[in-house]
1. Would you work out the relative contact order for the chain, in percent, from Cα pairs under 8 angstrom that are 6 or more residues apart?
2. Any idea which of Gln512, Ala492, Asn229 is furthest toward the positive side of the dipole for the chain, if Lys and Arg beta-carbons carry +1 and Asp and Glu beta-carbons -1?
3. For the peptides 131-137, 495-501, 75-81, what is the packing order when you average, over each peptide's residues, the other Cβ atoms within 10 Å and list the highest mean first?
4. Given +1 on the Cβ of Lys and Arg, -1 on the Cβ of Asp and Glu, and no further charges, what dipole in debye does the range 456-543 carry about its Cα centre, rounded to the nearest 20?
5. Taking H as built 1.01 Å from N, whose amide H comes closer than 5 Å to the amide H of Arg411, not counting residues under 5 places away?
6. Any chance you could give the angle, 0 to 90 degrees and rounded to 10, that helix 21-34 forms with the longest Cα principal axis of the chain?
7. Apply the Debye scattering formula to the range 461-540, with a single equal point scatterer on each alpha-carbon and no solvent, then give log10 I(q)/I(0) at q = 0.10, 0.16, 0.22 Å⁻¹.
8. Tell me, what % of the accessible area of the chain is carbon and sulfur with a 1.4 angstrom probe?
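The values are calculated or read from the model by the stated rules, or taken from the named source; none is laboratory data. None of these values were measured; they are calculated from a predicted model. As a convention, Cβ positions derive from the backbone with ideal geometry for all residues, glycine included, and neighbour counts pool all protein chains shown. The accessibility values were calculated without ligands, DNA or RNA, using every heavy atom of the protein model including side chains. Shrake-Rupley method; radii C 1.70, N 1.55, O 1.52, S 1.80 Å.
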Amino acid sequence: MTRPVRASRAPHALPTITTDPATVAAVAADLGAAGFTVERLDSLWGAEAAASLHRGSRVAALRALAQRETTPLATLATLFVLGLPVSRAHADAAFPTAGVDGVVAAGLLRHDEAGTDDSGLPLDPADALVHPAVDLRPYAFVDDLGAGSWWIVSDLGELALGTALGEEHVLGIGGATTTLSGLQLPVRVHRVLDLGTGCGIQAMHARRFADEVVATDISHRALDIARFNVALNGLDGIELRHGSLFEPVAGERFDRIVSNPPFVITPRREGVPSYEYRDGGMVGDALVETVLRGLGEHLEPGGTAQLLGNWEYRWGSDGLDRVRSWFADTDLDAWVVEREREDPPAYAETWIRDGGTKPGSVEFDDLVDAWLDDFRDRRVTGVGFGYVVVRRAPHDSDRPGGATRLRRFERLPETLGSNPAGLGATVARALDAAAWLATHDDAALAVAHLRVAGDVTEERSYWPGNDDPTVMTLVQGGGFGRRVDADTALAAFVGACDGDLSVRAIIAAIAQITGADEAALTADLLPRARDLVLDGLLLPAVR
């Protein structure tokens, strides 16, 4: 028998974030003057304390700060990164331009009245405490335009609150943030849609490669915070709209769509928290399906979309086959990469902890029960997570030469690949390669000239005393870090791809040297060459 889920604790009061231009400019000036940067913070408390903070503990950082003079930088770090109060006097010193009252009015701080001491005598107002109302921290990144840095406001996390998150919580920078920002194509376009913008970080990244960005969210609070972040960092060209999914952009098309949608699968049951930043209000993976099915009518010809999402495995059905079916009636190119898969208990525990409910508590156990009941009732055996890349054909007419669509659904272990920051360029190259392959049938590929990508190496393994390798592996140094097992013919073919000889000439030479049948060798190597071009290990040579 299922236990009832106890109602979650009442959420803490969230501040109203206001974007007064003069106050925002003053706050930015104070943050800049204090040197509130990632590099300076790491120097303030050291690499070990910074790593400890990432693990959810602030003890090491506090111990480091105790050994240092209280500077504006230390005050800002204590308030907004550690989530702890400071004296009014120290806050005044940290905000000489904006003033503490101005920062309070913007919704970033709250302050106590001075009150009285233990003997009943009034305290000096300078001794009153000032508390953080939000999380505000520096953020550094590198993309194809170079290094950049911003300040990002979000809601206080579990570490600062000491309680579970409220359902209107607006998330800040996390692993999914850097993954999706790295997945965005570093190619200039006119117009981008950021679907479900949250704190606005993806819209800000998108603006670096776009003339205009439209960012939507169902949360008014998220839009308030995104508006503040855009202004705080001096950005323009980002329009914020309220509404669910594609409703705010009905009838509009974009050159690019990016989204980290609220895809978390949450039981529809009383007492289970429904967080706006991660829960789209639909059953199972229906929200991801809705978003993917809606892309086609909102992409310009040749437009692309890069998204994160998850999908269910159900009894007797494969998760990637499920995603494949969502594209069955479309003419879109689709490339889905599953990076991990979790069983129902692991998935439930991950997202319950994400909301701030502690393992071992009665509330935690009740919520796990609710999740597992939901998965059992809907016959869910696991949940896959990964990346989705979509492209609409450049023209509404049939593809050139009757070329087929790109439909690639693959699993790449989480350990593969390089830093997510480089994946956008990898995706762009893969889409270009797919377009090139679509216009090259086997006859055209045979007369093409290919070259090995600069990051490809070859590994060989030998049995002791043997001169001939037992295993040959082509290794991609960047991108998804693919490893391709090669036999003698494929290794010889790739080794000869320097752009000088055509594919046909290389295969003919290998056939002559090895005594193999040229037609059979061609039938074997051409499809493998296509895969290597699509994976980026081989590149069309410009002649």
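1. 11
2. The residue sitting farthest along the positive end of the dipole is Gln512.
3. Top to bottom by mean Cβ count within 10 Å: 75-81, 131-137, 495-501.
4. With only Lys, Arg, Asp and Glu charged at Cβ, the dipole is about 320 debye.
5. Residues meeting the amide H criterion: Glu338.
6. So the helix axis and the longest Cα principal axis differ by about 80 degrees.
7. -0.26, -0.65, -1.09
8. For the chain, the apolar C and S fraction of the accessible surface comes to 52 percent.
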